[in-house]
Each structure stands twice: as structure tokens, then as C-alpha cells.
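Report on the following structure.
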């Protein structure tokens, strides 16, 4: 379900989104309490209140099941995010049984109802130790309160089975089930009652006063959200600091798959959940970069930029382009993006400078487009290194290894394409080069060993820029810091 347009707004500088759920009365009650609480609490501050009202009809999902409720709430969170909401309230207690799942998939603040109730009890009922719980069956079954209400401080009490489910108590118009639940909790010597549905609070107000005090959960929730937000403190556990990696895919397709495997291989993880979030925009229709640079072919700038913008819209924190030639277009694209492109060429040259501090001449095997653009030459010169290219005949061999009829872009990883690559490396080795950059992301697919024994007996170190890029992206993502940020 998508969120409705703002139905209530007053002038504040925070945006509160309120999402309805399985408690149909909660939204209106929380909104009313927000409107009462905010003007007196904010003074010179301002904010908006945006309401997601569940709509029920033939075309709407049934949120009676927990899985449907989860999807409904997640969709609403995403819609509120698009409306620039920064703080979300979930008045439905059942929604908090999966709040951790929501928090791990959004950067919005989701106010913690359980923390709010615990703080309220400590402040307003400091001597209360035995807490009577009248909550929905799903909440009781999930043991939602247990991590918040330590057994050393609180004892949680529940009514007997016949009157245990809060939903049943609300549906019972006579009030007899609620009366039975209160008597049951009183017999268990409850100090205070926590009613988990707005309808129960309404019944308690109509039928009071009662011997055992009760908490207005919505009021406690609203007061907590406002006070903690104004104090600038976190109202939920800090979201994971790991960054999400965006990958411009399809340049070329095989290199993209190879790069993804390198991201996985370079991530220190013992289980699935320890790996990084990655989004790939696979667009093999991006015009050929080399064809544009040396042959007057279609300009790939717009296609590359559009792909990067899709990654940006997909919440990527940084962008990797596993294509050396595409980096000839990075400078013109980067200034229009809000997230950084991790420059594969710059990172590769830094790696070489650190690993081989005494070397000055570095061999480069790349497409003729990359060579013509001068991007590697400039990156190497910036670190006081010199680019060494194969002679024109060997450069043609490199192009055949990449673009030839039996080249790597045609799906071949053995045969003449490997022979062509070896001849080009041998040419650079004969000119005294010890380190060679495999400056096309498909070339490493033709290599089994990063240490190549050249025809003249020299051992050549082959540097794979896509592996360097993967290592850098993983390092940035794990550190929670993108380059230049």
C-alpha cells in the first residue's frame, strides 16, 4: 500500500510519518496526540506530520496476516522516504515484532515503541515491577518485550488464555472479557497495565477509574518520539555503517560477473549476512567505449550517466565501473552525481606505487580507446610513473585478444586470444618491464597466474585493476566511508 498525500500538516522542521497497521484506531489517536504535543514541545522548531492511512477494498492486500502486514508497512516506509520524512512512528504494536527487519532495510529513523514504554514506566511508575500485559497474540508469541524488560527489573504478567488476546477483547463489545483480564492481572498482583491496542485504552477510559493504573501507550510513544528527537539522540539502534556498492554492469557482461565474484572473494565473511549490499545495473546496450574514442562511434556518456543515476536512485553509496575504457568518461559524469565513482585507474596506480616503490616503468595492455584517451598515462604520471605500451603490431594483438572473432568478448578464454595476450606481455618484458597492468577488465579472464614467466625468462607481475577496484570498494564499504566523503 502506498502512503497517502499529507492529510495533516503543521509547520515544524522535522517530518514525522505515521504508519497504520493492524490496530485500526491507532493512527488517528497518535496523530491527535502529536498535534497536541508538538506545538508546546517545539517552540521555535517546526515539522510536518504525514499520515499513511490503510485503505481497505477489493484491490488492497489483506493485512490480517503478518507477512502482508510486513509488506504493507515496508511499502509505506519507502513512500514516506520519498516524501522526505525522516522519523517514522508505528503505533501498531504488532508492527514492532518486525521493526528490526525494517531498520535493516531503510535509513529512516523508526521510533522504538518498546524503549518508549520502558522509559515511561521507569519515569511515571518508578516502583512498578509487575507489569500486566494485554497485547495482541502475535506480540505475546514473539516475546517482543523480553529483551527490553529485564527480569531483574520487571516481571511480565499475562492474563489467562480465555482473555489473553487483546484483539478478542476489542471485538467483545460487552467489555466482559476486558473486565476478566483486569481481574486476572489484579489477582497476579500487577502494579500497572500495558494495553497493546488503542481500542483497549478507549474502553479503559470509558469504564474507569480502575484499581490498577494503566499506560496510554500512544501518548507515551508520542512523548518519547518528540523529546528524544528534539534532544538529537538516536531513537533506534544506529543503522549499519556499511555502504552499499553500486556497479555499472554490462561493460562488458563477463567482466561484471567476474567483478562480482571478486567483491565476494575480497569480503571477510563467515556467513551470508556478513557480505555487503550490492546493486547492479546491467546495461550491455551502453555504446562501445573504444568505438567512440577511436572510431567516431556513438557517445556512451548519456548511457553511462543514466546507469549511474539509476544506481544513485537505488540507494548506492558509491559506484564501481569495472571497465577501464569507461573511465575516459568519468570526469564529465562525476560532477553531476551525488555519490562518488571509485576510480579504478587511480586506485590501481596507487596500489602499484605502494607495492613496487622502486619501479618507474609500468606496462599497460588496454584497448586502443583507453590508450588513445591517455587516462592511464595521466594516472601514472601523477604518481611519477611512466606508461610503457606495446608496439603497434602487439597492440593489434591485444585488440584481437579482446575484440577478435575468437576473443574474450566473444566468450573465449583459451586459444588464440590467450596466445595474443602472451605475445604482448612478452613484448613488454623484452623492453625491461616488470609490472604490467591488464587494463581491460576482460583480460584477467585469460590469465591463470598473476606471475607470468615471459619468453626471455623474466617474471612479470600482472596487475588486475578490477581486483584492485573490488578490494577498494570492499574496504570503503566496510569502513562506512566513501572516497572524498
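Read the figures in this text as sums done on the coordinates, not as results from a lab. Computed from a prediction, not measured in an experiment: that's the story for all the values here. So basically every Cβ, Gly included, is an ideal-geometry build from the backbone, and we count neighbours across all protein chains shown.
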### Query
Over the range 350-469, what per residue volume does the convex hull of the Cα atoms give, in whole Å³?
97 Å³
### Query
Relative contact order, percent, of the chain when contacts are C-alpha pairs under 8 Å separated by at least 6 residues?
11 percent
### Query
By how many degrees, between 0 and 90 and to the nearest 10, does the Cα long axis of helix 253-265 differ from the longest principal axis of the chain?
60 degrees
### Query
So what does the Cα-only Debye profile of the range 117-161 read at q = 0.25, 0.32 Å⁻¹, as log10 I(q)/I(0), no solvent term?
-0.98, -1.32
### Query
Extension gain residue 207-residue 86, at 0.36 nm per residue separation less the Cα-Cα distance, in nm?
39.8 nm
### Message
What is the angle, in °, between the Cα long axis of helix 465-479 and the longest principal axis of the Cα atoms in the chain? Nearest 10 is fine, range 0 to 90.
### Response
20 degrees
### Task
Please give the length that would be gained between residue 176 and residue 115 if that part of the chain were fully extended, namely 0.36 nm times their separation in residues minus their C-alpha to C-alpha distance (nm, one decimal).
18.9 nm
### Query
So, by mean Cβ neighbours within 10 angstrom, what's the order for 469-476, 260-267 with the highest one leading?
469-476, 260-267
## Note on the structure
In degrees, nearest 10, the alpha-carbon axis of helix 198-207 is tilted away from the dominant principal axis of the alpha carbons of the chain by 10 degrees
### the range 147-209-the range 294-356 distance, computed between alpha-carbon centres (Å)
59 Å
### Summary
Per its Cα gyration tensor (rounded if a/c is under 1.5, else prolate when a/b beats b/c, else oblate), the range 285-410 is best filed as oblate
## Note on the structure
Once residue 338 and residue 66 are pulled to full extension, the length gained, defined as 0.36 nm per residue separation minus their Cα-Cα distance, is 94.2 nm
### Stokes-Einstein D (µm²/s) once Rh is taken as the Kirkwood radius of the chain over alpha-carbon pairs, at 10 °C in 1.306 mPa s
60 µm²/s
### Task
Write down the Kirkwood hydrodynamic radius of the range 126-214, to one decimal in angstroms, obtained as one divided by the mean of 1/r over all alpha carbon pairs.
13.0 Å
#### Entry: Label-zone membership for the range 426-460, site residue 413, 7 angstrom Cα→C-beta point, backbone N under 11 Å
444-448
### Summary
If R0 = 45 Å, then residue 455 and residue 354, at their Cβ-Cβ distance, give a FRET efficiency to the nearest 0.05 of 0.95
